[in-house]
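Trainee: Structure in structure tokens, see below.
The values are calculated or read from the model by the stated rules, or taken from the named source; none is laboratory data. Remember, predicted model here, so these are calculated numbers, not experimental data. Please note: Cβ atoms are built from the backbone with ideal geometry, for glycine as well, and neighbour counts cover all protein chains shown. For the accessible areas, the whole protein counts, side chains as well, though only heavy atoms, and no ligand, DNA or RNA atoms are used. Shrake-Rupley method; radii C 1.70, N 1.55, O 1.52, S 1.80 Å.
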Amino acid sequence: MEITRRSLLKLGAILGIGSALPGCAKETVLKPKEEPLPPRGEETFVSTICGMCPAGCGMRVRKIGESAVGLAGSRDHPVNQGGLCPKGAAALQELYHPDRIRGPLLRQGDRGKGAWQPVSWDEALRLLADKIAKAGFQKRNKSFGAITGSPTQDLGRELLRNLAHEVAGGGVSVLGFPIGDPPFDAYGNMHGNQNVFLDITKSRLLVSFSFDWLGAHPSSVEAQRAYAELRRGFNRPRAHIVQIEPRFSVTAAKADEWIAIRPGTEGFLALALARQFIQNGTYDKDFVTDHTHGFEEFKKSLEVFSLEAASRVTGVSEENIRLLAMKFFSLKPAVAIGPRDTPFNQMAVYALNALLGSIGPGRPFLTGSFGENILGETASPDARNDGNDGFEVILADRVNPLFLEPSKWRPVFEKAPFVATVSSHLTETAQFSDLILPCHTPLEAWHLSRHVSMQGSRIINAARGAVGPLYDTRDAGEIYFSLKTALAGQKMEAEAFPAYVKGRFRELGAPKLLEQDNAETWLSEAKTIGQSLVFSTPSGKFEFGPLLKSLRENPPTQTSRSEDFPLSLYLFAPLAFSRGEGAHLPYLLDIACPQLEEMWATWAELHPDTAQAYGISDGETVWIESHQGKIKVKARVLSRATPWVVSVPVGLGHTAYGRWAKGLGANPLEIASMNRSERVRIALL
């Protein structure tokens, strides 16, 4: 407000009148009407683990009284070293979300109609235990389906596995997120195990095949720190980064070179490069001779991957392919990375690292073992139970398969007589369930989990929850512990689960967590994993055989552009929606795509030539249609997009998941899968 002579005189008059008022009038006129604030409570700081993504970052929580009011990364944690990504910063919104499930719910009426009856925990657990017992799981048949979305080996997943194996006699499927997962299938097929880790800071040339590792890496804070070291590392040359991807992603924008490629053809390009290495004699002959099996047959299979064929299939010029092959030769160590795409693409890209000799002790790709497996599980991160058509009871653990893989899981859930979901929020899967068991959010939960850092260190995180539960929810581990106890015919004692957790903490050597109420301590033990070149394959060496088998069974060819579906669909995951989660939090919706200023909507990125061919202008609403269905999105016309490619983000388009997510945007996973190139067409609304 501008202060003028007149306003100043008015203010003086008012103050003068106030001073002349009697005491009782002053009390009425001048005293603020607002009630005084209640006592704030004592300010304290508690350390815990973030839990909003698989990274396992340390978090420092500021509390006023018993309420969490502020978050920061823990500086002495070996994973994040003080950093905190946007998903971690949104943990307070996760805790205080108004649509959290506040107690167990039993379905009323038809599935998916949203009619629920609150029940007690005793009733809920007894009901689920009875369903499991009546299905006769003690006979170890395959009527029980446990599916988890927990990407780390945490306390909940450990106890769910114990429940499935020891009581129900079944297995646990882990629903991965191919856009952000490492190439686990390639590791398993070519190494015989998945104990393979990548330290990209050891590379001088980093070539990424459609892996937006700065935007979709499982540990985004580590990825950002690794990028900084590649750019200005001490006592080492500046690394050269090449991003091969259909979309101009965050990583492409920060790379030294971006090479646009047709979606789904990354494996073809990788084998064309392999052919160049072998023809020019620039591969690591010692590593190939000493540590690989099937190389001669692999070499013969590369005849069809000429520069001309690769350029025709991938859209990358012969000159660019030739120059890239020269960079691999001249800049060592060099690595080629990719996401969990199709098995062929995964293995073709990973095979380049064997030819480059980039695998082994002291090299970018580390192999070894965890040593003592204190959390019990070393199985494949996607050990799916394929006999899922006969499930009588499905138990979904903190996962939303009806959003992430609707075409695969919807028929399975529809056939199952009983579905139970453990979740903090009413997701699509929870909405379709018969019973919902609400679990704690990360700030309320106990943390006991195992992680592997980019440098190949085993990290054991152990921490208590930062705050007590706000509602009638339980730790996911406690739910499975109680269920197992009920199935065993035992009575669940109130202190049984805390005693179990304390015992596990003692095994880890973390007694301080149990002795101090406001302990600003947690255990994060980093141990270097034993590195070796001992492969778990029949030959005891790196195997080219699985890649050759894939080549014989599904020869890669250019996907033809049909008249009905002339465009290629490319799916990506913004950091805000990594692992398909986060659309229920308004802070993450606000930062969905800051470079395009896109938020609270699903958009499609189109090249100007593509847009012109269909008469589409920037900002218009369009239909994208595949053989599986169609979705409605906002068109964004960008000169840096790839011609005849439609790039769409994954994460929005929920039919449930709270007030901010429901009905917002569109879900491209309704018309395509995350690890497959899909042909689509586009039209104005």
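Trainee: Regarding GLY629, is this residue surrounded by fewer than 21 Cβ atoms within 10 Å (Cβ to Cβ), on the phi > 0 side of the Ramachandran plot and free of Cβ contacts under 8 Å to residues at least 40 places away in the same chain?
Mentor: no
Trainee: Would you check which residues across the range 96-122 are surrounded by 14 or more Cβ atoms within 10 Å (Cβ to Cβ) and aromatic (Phe, Trp, Tyr) and list them?
Mentor: Those that are surrounded by 14 or more Cβ atoms within 10 Å (Cβ to Cβ) and aromatic (Phe, Trp, Tyr): TRP116, TRP121.
Residues are listed down the side, and each one gets a yes or a no for (1) assigned to a helix (DSSP H, G or I); (2) open to solvent by 40 Å² or more (accessible area, probe 1.4 Å):
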| site | (1), (2) |
| --- | --- |
| ALA223 | yes, no |
| ALA228 | yes, no |
| PRO237 | no, yes |
| GLN243 | no, no |
| THR251 | yes, no |
| TRP258 | no, yes |
| ILE261 | no, no |
| GLN276 | yes, no |
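Trainee: Also: Take the residues in the range 24-55 that are in contact with a helix residue (DSSP H, G or I) (Cβ under 6 Å, 6 or more places away or on another chain) and open to solvent by 20 Å² or more (accessible area, probe 1.4 Å); name whichever of them is modelled with the lowest pLDDT.
Mentor: Keep residues of the range 24-55 that are in contact with a helix residue (DSSP H, G or I) (Cβ under 6 Å, 6 or more places away or on another chain), which gives 30, 50, 52-53.
Those left that are additionally open to solvent by 20 Å² or more (accessible area, probe 1.4 Å): 30, 52-53.
Numbers: LEU30: 52, MET52: 92, CYS53: 89.
Ranking the candidates gives LEU30 first.
Trainee: Quickly run through the range 440-455 and pick out the residues that are at pLDDT 90 or above and open to solvent by less than 20 Å² (accessible area, probe 1.4 Å). Steps first, please.
Mentor: From the range 440-455, those at pLDDT 90 or above are 440-445; that's our starting set.
Passing the criteria: THR441, LEU443, GLU444, ALA445.
Trainee: What residue, among those in the range 341-357 that are among the polar types (S, T, N, Q) and either surrounded by 24 or more Cβ atoms within 10 Å (Cβ to Cβ) or modelled with pLDDT of 95 or more (or both), is nearest to GLU678 (Cα to Cα)? Full working, then the answer.
Mentor: Looking only at the range 341-357, we keep the residues that are among the polar types (S, T, N, Q), and these are 342, 345-346, 353.
Filter again for either surrounded by 24 or more Cβ atoms within 10 Å (Cβ to Cβ) or modelled with pLDDT of 95 or more (or both), leaving 345-346, 353.
Details: ASN345: 15, GLN346: 18, ASN353: 28 Å.
Taking the candidates together, the pick is ASN345.
Trainee: In the set SER550, SER536, which member is in contact with a Pro (Cβ under 8 Å, 6 or more places away or on another chain) and under 30 Å from GLU297 (Cα atoms)?
Mentor: SER550
Trainee: Another question, if that's okay. Of HIS584, HIS607, which residue is farther than 23 Å from GLY653 by Cβ, modelled with pLDDT of 95 or more and either of a type in the set (Gly, Ala, Ser) or open to solvent by less than 70 Å² (accessible area, probe 1.4 Å) (or both)?
Mentor: HIS607
Trainee: Anything in the range 644-667 that is over 21 Å from the mean Cα position of the chain (by Cα) and open to solvent by 10 Å² or more (accessible area, probe 1.4 Å)? List them, or say none.
Mentor: Hits for the range 644-667 are TRP644, ARG659, GLY663.
Trainee: Taking the range 587-608, which residues are free of Cβ contacts under 8 Å to residues at least 24 places away in the same chain and not in a helix (DSSP H, G or I)?
Mentor: Those that are free of Cβ contacts under 8 Å to residues at least 24 places away in the same chain and not in a helix (DSSP H, G or I): PRO594, GLU597, MET599.
Trainee: Which one is farthest from the chain's Cα centre (by Cα), of the residues in the range 399-415 that are farther than 21 Å from ARG676 by Cβ and surrounded by fewer than 20 Cβ atoms within 10 Å (Cβ to Cβ)?
Mentor: LYS415
Trainee: Would you be able to tell me the number of residues in the range 185-221 that are of a type in the set (Asp, Glu) and either buried (at least 22 other Cβ atoms within 10 Å of the Cβ) or in a helix (DSSP H, G or I) (or both)?
Mentor: Adding up the residues that qualify gives 2.
Trainee: Sticking with this structure for a sec: Between a residue in the range 609-625 that is of a type in the set (Val, Ile, Thr) and any residue that is in a helix (DSSP H, G or I) and at pLDDT 95 or above, which pairs come within a Cβ distance under 9 Å, given they are 6 or more apart or on different chains?
Mentor: Cβ pairs passing all conditions: ILE616/THR610; ILE624/PRO668.
Trainee: Another question, then. Restricting to the range 162-175, give me the number of residues that are in contact with a Lys or Arg (Cβ under 7 Å, 6 or more places away or on another chain), open to solvent by less than 10 Å² (accessible area, probe 1.4 Å) and small (Gly, Ala, Ser).
Mentor: The number of residues fulfilling the criteria is 1.
Trainee: Looking at (1) open to solvent by 30 Å² or more (accessible area, probe 1.4 Å); (2) in a helix (DSSP H, G or I); (3) under 16 Å from LEU128 (Cα atoms), can you tell me which one ALA499 breaks?
Mentor: (3)
Trainee: Any residue in the range 537-559 that is touching a residue at least 60 places away in the same chain (Cβ under 8 Å), surrounded by fewer than 16 Cβ atoms within 10 Å (Cβ to Cβ) and in contact with a Lys or Arg (Cβ under 8 Å, 6 or more places away or on another chain)?
Mentor: Within the range 537-559, one or more residues are touching a residue at least 60 places away in the same chain (Cβ under 8 Å), surrounded by fewer than 16 Cβ atoms within 10 Å (Cβ to Cβ) and in contact with a Lys or Arg (Cβ under 8 Å, 6 or more places away or on another chain).
Trainee: If you don't mind, there's one more thing I want to ask. Right, LEU569: in a strand (DSSP E or B), modelled with pLDDT of 85 or more and either surrounded by fewer than 16 Cβ atoms within 10 Å (Cβ to Cβ) or among the hydrophobic types (A, V, I, L, M, F, W, C) (or both) or not? Break it down into steps so the answer makes sense when it comes.
Mentor: On the way: in a strand (DSSP E or B): yes; modelled with pLDDT of 85 or more: yes; either surrounded by fewer than 16 Cβ atoms within 10 Å (Cβ to Cβ) or among the hydrophobic types (A, V, I, L, M, F, W, C) (or both): yes.
Here the answer is yes, as LEU569 does meet what is asked.
Trainee: For ALA420, state whether it is under 25 Å from ALA135 (Cβ atoms), outside any loop (DSSP other than H, G, I, E, B) and not β-branched (Val, Ile, Thr).
Mentor: Considered against the rule, which asks whether it is under 25 Å from ALA135 (Cβ atoms), outside any loop (DSSP other than H, G, I, E, B) and not β-branched (Val, Ile, Thr), ALA420 comes out as yes.
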